[in-house]
Amino acid sequence: MKILTLGLLMIFFTSCGMQSIPTALNEVDAQWAEVQNQYKRRSDLIPNLVSTVKGYASHEKETLQAVVEARAKATSVNVNPENLNAETLGKFSKAQSGLSSALGRLMVVVEKYPDLKANTNFRDLQVQLEGTENRITVARNRYIGSIKAFNNLITVPPTSWYNSMFLKHEKKPQFQVENLQEVQNAPKVQF
């Protein structure tokens, strides 16, 4: 009889939730911390990425705009063989020099930063935004799974019996979107 009682007690205590419920609770806390971590990463990363892309795009825009303007000036000065004189040649040389200078600045940018292209930066920003949102989704899904596991432990026998007698943990609420109307629309990134 003692062996049977001891066997029943071992089965009860090994499946009672003495370890599994606190372990599941710790997992819930850890997964929620990861959700917060990913939101923090997003709040730190996105403004810096957008600012960086804006800066690069602005720099390229200014450089390209200078080239376009210099080109327009250079092509506006027409030197025909009939009106070739020192004055028209000077105007032509000055306009071409402006274009050469603008192209020189552009070439310095290209040589110094060959991979610094606005379209690449925008593409990289898009990849970073998508990756960040995916990380948040994965973290939330893991949190939702840990809540489910914990709630199952405290509500499904035999572990729920141990919980109701000793631990008295309540079910954890599942992740819910507070501003459901707002999040149904995609966030806007503006430059």
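The values are calculated or read from the model by the stated rules, or taken from the named source; none is laboratory data. No experiment lies behind these values; they were computed from the predicted model shown. Quick reminder, even Gly has a Cβ in these numbers, built from the backbone with ideal geometry, and neighbours come from all protein chains shown.
Among the residues of the stretch 19-41, none qualifies, meaning not one is over 29 Å from the mean Cα position of the chain (by Cα) and modelled with pLDDT under 70. If you go through the stretch 142-173 and pick out every residue that is within 24 Å of the chain's Cα centre (by Cα) and loosely packed, with under 13 Cβ neighbours inside 10 Å, you end up with 0. Selection of the stretch 1-18 for residues being modelled with pLDDT under 80, in a helix (DSSP H, G or I) and not hydrophobic (A, V, I, L, M, F, W, C) yields GLY7, THR14.
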